[in-house]
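S.K.: Let me begin by handing over the structure; questions about it come next.
The numbers here are math on the coordinates, done by the rules we state, and not lab data. Predicted model, so just to flag it, every value in this text is computed and none were measured. Every residue, glycine among them, receives a Cβ derived from its backbone with ideal geometry; neighbour counts consider all protein chains shown.
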Amino acid sequence: MLTGILAGLGAGALWGLVFVAPRMLAMGQGGYSSVDLTAGRFAVYGLVAAGVMLLGLGRRRWPTMRQAAAALGMSVLGFSGYYLLLVLAIRDAGTEMPSLLIGTIPLWIMLLGKPHGLRWSALLPGLALTLAGLLLMMGSTHGATAGAGLNFWRGIGFAVVSLVSWTAFAILNSAWLKRHPEVNATDWANWLGVATGLGALLMWLAAGSDLQMLAARDDSMRFVLLCVLAGFGSTWLATILWNLASQRLSASLCGQLIVSETLFALLYSFAWDGHWPTLAQLCACVLFTLGILASIRAHR
């Protein structure tokens, strides 16, 4: 159980990086498109996964047609489709509100993936603390969203759809791994990576920017670096860690660990902006953390 918890927290720390990546580039009109960043990140993921599979050619399992189809479907729900929607949300609504909405994923997974033998009364403290943290953080950012226009609410819409996409992925991925214990976490991460990389290539060919235009930009090296960091660390390595957590923990406990993604995303956002969080935001982070600890205790 401890290994699963540490793996889930590690995945959350790596996932938090992708919330600030769109803010580190010139996005939108005259800059990089959401498809460019999404396709770049997952092209790297696909290349790393394919490389690992080829290096272990004699030792790695290869997927059956049914397993390959499952990987392709999961890759859209949890990777390319989800992140494209999230980048669009951050472009239109900033970092804080999308990260908070994604932070409600633990609530939905806990409600939908509760183990049969676990009483609701045992879950209520963790749920209450997590919800209180979300509401407090949301209230502390109300000034930034006052007078928001159509773009902001469009971003919130993208964030809600991305939330639904990843919630479905988390539940279905956990169930699939439990039904297939013969598939280890690294193999599954690599299969997902190859499927996601192929999807990213098709996405960029269909709607990405011209390659020469991308190479001519002043911040092209930053774009490449972010794609490599997001593709290797925040995707390939994070997926292995999350698969380890999914195999060792219930879906509801995994859901609570996703709160760490929101905490790290906010931490990275504050660091990028160069200011400390307010007292209310710090209190919200404490409530998030207490919610995780309460949920871990309930699952013992």
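S.K.: Taking amide H positions as placed 1.01 Å from N in the peptide plane, with prolines and chain starts having none, which residues 5 or more places from Met27, or on another chain, fall under 5 Å of its amide H?
M.R.: Close amide H contacts, sequence-distant or interchain: Tyr32.
S.K.: May I pose another question? Does the range 186-230 come out rounded, prolate or oblate by the C-alpha gyration tensor, with a ≥ b ≥ c the root eigenvalues, rounded set by a/c under 1.5 and, if not, prolate when a/b is larger than b/c and oblate if not?
M.R.: oblate
S.K.: Need the full-extension length gain, Ala175 to Leu293, defined as separation in residues times 0.36 nm minus the C-alpha distance. One decimal, nm.
M.R.: Full-extension gain reported as 40.1 nm.
S.K.: Label point 7 Å out from Arg61 along Cα-to-Cβ: which residues of the range 235-266 have amide N under 19 Å?
M.R.: From the range 235-266, the list is 239-249.
S.K.: So, one more: Considering the chain as a Gaussian network with a 10 Å cut-off on Cα pairs, which listed residue, Val35, Val164, Val20, attains the greatest mean-square fluctuation?
M.R.: Val164
S.K.: May I pose another question? In which sequence would Val224, Val259, Val183 go, from the one with the fewest C-beta neighbours within 10 Å to the one with the most?
M.R.: Taking fewest neighbouring Cβ atoms as first place, the list is Val224, Val183, Val259.
S.K.: Pick the calculated Cα extents along the principal axes in Å for this structure from (1) 55, 52, 28; (2) 77, 46, 39; (3) 64, 51, 35?
M.R.: Computing Cα extents along the principal axes in Å and matching it to (1) 55, 52, 28; (2) 77, 46, 39; (3) 64, 51, 35 gives (1).
S.K.: Using the 10 angstrom Cβ neighbour count as an exposure proxy, how do Ile105, Ile258 rank, fewest first?
M.R.: Ascending Cβ contact count within 10 Å gives the list Ile105, Ile258.
S.K.: 222 nm [θ] for the chain, helices only, -39500 (n - 2.57) per DSSP H run of 4+, per residue, to 500?
M.R.: Helix contribution divided over all residues of the chain: -24500 deg cm²/dmol.
S.K.: Another question, then. Classify the range 94-242 from the C-alpha gyration tensor, please: rounded if a/c falls under 1.5, else prolate or oblate depending on whether a/b exceeds b/c.
M.R.: Oblate.
S.K.: Can you tell me the FRET efficiency between Leu202 and Val228 if r is taken as the Cβ-Cβ distance and R0 is 22 Å, rounded to the nearest 0.05?
M.R.: After rounding, the FRET efficiency stands at 0.60.
S.K.: How would the range 210-300 be classified by its alpha-carbon gyration tensor: rounded, prolate or oblate, with rounded meaning a/c under 1.5 and the a/b versus b/c comparison settling the rest?
M.R.: oblate
S.K.: Further question on the same structure: What is the order of Ile171, Ile109, fewest Cβ neighbours within 10 Å to most?
M.R.: Starting with the residue having the fewest Cβ neighbours, the order is Ile171, Ile109.
S.K.: Hey, if you put +1 on the Cβ of every Lys and Arg and -1 on every Asp and Glu Cβ in the chain, which of Ala26, Asn190, Thr95 ends up farthest toward the positive end of that dipole?
M.R.: Result: Asn190, furthest along the dipole toward the positive end.
S.K.: Something else now. Under a point spin-label approximation (7 Å from Cα along Cα-to-Cβ), what is the Asp219-Ala50 distance to one decimal in nm?
M.R.: Each label point lies 7 Å from its Cα, and together they span 2.9 nm.
S.K.: Length gain on complete extension for the stretch Asp210 to Trp153, per 0.36 nm per residue less the alpha carbon to alpha carbon distance?
M.R.: 17.6 nm
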